[in-house]
1. Do any residues in the stretch 54-77 that are more than 17 Å from ARG21 (Cβ to Cβ) and among the small types (Gly, Ala, Ser) have Cβ atoms under 9 Å from those of residues that are modelled with pLDDT of 90 or more and not in a loop (DSSP other than H, G, I, E, B), where the two are at least six apart or on different chains, and which pairs are they?
2. Given ARG2, ARG21, ARG33, which one is surrounded by fewer than 11 Cβ atoms within 10 Å (Cβ to Cβ), within 21 Å of ASN57 (Cβ to Cβ) and among the basic types (Lys, Arg)?
Amino acid sequence: KRQYTQYDLDYQKSPEQVKNRMARNRARAAYKRLGRAQVGDGKEVDHIKPLSKGGSNGSGNTRLLSRSKNRARKPKR
C-alpha cells in the first residue's frame with residue numbers, strides 16, 4: 001500500500017487540485033449520463049488538451065479511451 005507523505009496530502013487538498021479533480025469527475029459523469037461509460041468498464045476520460053495546459057471539459061476536448069491507451073499517451077514523468 002502506498003504511503004502518502006504529508007506533502008502529498010497537502011498537495012491533494014490544495015484549492016487548485018480540488019478544482020482539477022472536480023473537473024475530471026464532471027467529465028466522467030457526463031460520459032456516464034450519455035451511457036458511454038460505466039462503473040468498472042476500464043475506460044478513462046482523456047482530455048486532448050490537458051486541463052493544466054488550459055484545456056476544457058467540453059465535448060470537443062474529451063474522449064473516452066481504455067486505461068492502457070490513456071496512460072501510454074501521457075508523457076513520462
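The values are calculated or read from the model by the stated rules, or taken from the named source; none is laboratory data. Because the structure is a prediction, the values reported are computed rather than measured. Positions of Cβ are generated from backbone atoms using ideal geometry, with glycine treated the same way; all protein chains shown enter the neighbour counts.
1. As it stands, the answer is SER59/ALA30; SER66/LYS43; SER66/GLU44, since those pairs meet every condition given.
2. Every option except ARG33 fails the conditions.
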